[in-house]
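A.B. asks: First, the structure itself, so that you have it in front of you.
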Amino acid sequence: MPTAFKKYPDKIKYERQELKDNIVYFVNYDMVQAELRWTAKMETYDQKLAPSVALFNQYFGGSFPSVVFKDIRETKALAYSAFATYARPARKEDPYYFSFYIGTQADKIHEAMGAMKAMLKDLPKDDQIFGAGVDALKKKIETERIVKQQVLFNFDDAVKMGLDHDIRKDV
């Protein structure tokens with residue numbers, strides 16, 4: 001057996017640290033763009049939230065037609081890139097995590113942070129983007145194909161989440 005494999009035990013369990021305070025990390029790179037990412041631990045996984053989480057991600061920050069993209073990047077011109085996601089855990093006993101990312105000019109970082117805080121405090125309502133999000137989510141499910149070895153990976157994923165069916169049916 002190669003030596004590299006002997007260094008790692010068969011099962012490695014990552015113990016999540018419980019944080020009591022907010023932590024900010026600064027990493028200095030020689031670059032013009034500033035990148036900001038917020039991450040927050042949320043509640044433990046609940047399969048009943050799957051439809052809401054999927055729609056929230058599509059509407060709030062999943063891709064091009066999202067309120068985060070529209071507000072932070074297009075309307076206010078504060079970012080090269082911006083997205084938010086309410087990430088599903090890998091196992092049913094783990095929590096969701098909410099993350100937000102902004103890639104902006106260094107001189108706009110404070111304004112971009114303020115815009116994001118405002119969005120998190122008061123979720124913007126945009127019927128057009130919401131409707132487009134519902135349509136995009138439906139089209140994604142309609143056209144997505146699970147083929148070949150993806151069937152096994154999806155089955156394993158469902159078992160880890162305590163499911164006995166394809167979660168897309170719920171969504």
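The values are calculated or read from the model by the stated rules, or taken from the named source; none is laboratory data. Remember, it's a predicted structure, so these values are computed and weren't measured experimentally. Please note: Cβ atoms are built from the backbone with ideal geometry, for glycine as well, and neighbour counts cover all protein chains shown. To get the accessible areas, we keep the full protein, side chains included, count just its heavy atoms, and leave off ligands, DNA and RNA. Shrake-Rupley method; radii C 1.70, N 1.55, O 1.52, S 1.80 Å.
A.B. asks: Mind checking which of ALA132, HIS110, PHE100 is farthest towards the positive end of the range 91-159's charge dipole, using Cβ charges of +1 (Lys, Arg) and -1 (Asp, Glu) about the Cα centre?
C.D. replies: Selected residue: ALA132.
A.B. asks: Related question: Kindly report the accessible area of the range 16-72 per residue (heavy atoms of protein chains, probe 1.4 Å, no ligands, DNA or RNA), in Å².
C.D. replies: 76 Å²
A.B. asks: Compute the Rg to Rh ratio over the range 70-171 from the alpha carbon atoms, using the Kirkwood formula for Rh, and round to two decimal places.
C.D. replies: That ratio equals 1.07.
A.B. asks: Then there's this: Of the heavy-atom accessible surface of the chain (probe 1.4 angstrom), what whole percent is carbon and sulfur?
C.D. replies: 55 percent
A.B. asks: When the helices in the chain are scored as -39500 (n - 2.57) per DSSP H run of 4 or longer and the sum is shared across all residues, what 222 nm value do you end up with, to the nearest 500 deg cm²/dmol?
C.D. replies: -9000 deg cm²/dmol
A.B. asks: Using all alpha carbons of the range 1-160, what is the percent of pairwise distances in each 5 Å bin, ordered from the shortest bin to the longest?
C.D. replies: P(r) for the range 1-160, in whole percents per bin: 1, 7, 13, 15, 16, 16, 12, 10, 6, 2, 1, 0.
A.B. asks: Counting only heavy atoms of protein chains, what accessible area per residue, in Å², does the range 105-150 have with a probe of 1.4 Å?
C.D. replies: 79 Å²
A.B. asks: In whole Å, how far is the Cα centre of the range 117-167 from that of the range 29-78?
C.D. replies: After rounding, the separation between the Cα centres reads 14 Å.
A.B. asks: Still on this structure: I need the phi-derived Karplus couplings for the range 46-59: 6.51 cos²θ - 1.76 cosθ + 1.60, θ = phi - 60°, integer Hz, Gly and Pro marked x.
C.D. replies: Couplings: 9, 4, 5, 7, 3, x, 5, 5, 4, 5, 4, 4, 5, 6 Hz.
A.B. asks: What figure, in Å² to the nearest 10, do you get for the accessible area of LEU49 with a 1.4 Å probe and non-protein molecules left out?
C.D. replies: Accessible area of LEU49: about 50 Å².
A.B. asks: Where is the GNM fluctuation largest for the chain (alpha-carbon springs, 10 angstrom cutoff): LYS148, LYS76, LYS121?
C.D. replies: Answer for the Gaussian network model of the chain: LYS148.
A.B. asks: Which of TYR25, TYR86, TYR14 moves the most in a Gaussian network model of the chain with Cα springs under 10 Å?
C.D. replies: Result for the chain, Cα springs under 10 Å: TYR14 fluctuates most.
A.B. asks: About its Cα centre, how strong a charge dipole does the range 38-171 have in debye, to the nearest 20, once Lys and Arg get +1 and Asp and Glu get -1 at the Cβ?
C.D. replies: For this selection, approximately 140 debye.
A.B. asks: What figure in square angstrom, to the nearest 10, would you give for the accessible area of ARG88 with a 1.4 Å probe?
C.D. replies: The accessible area comes out at roughly 100 Å².
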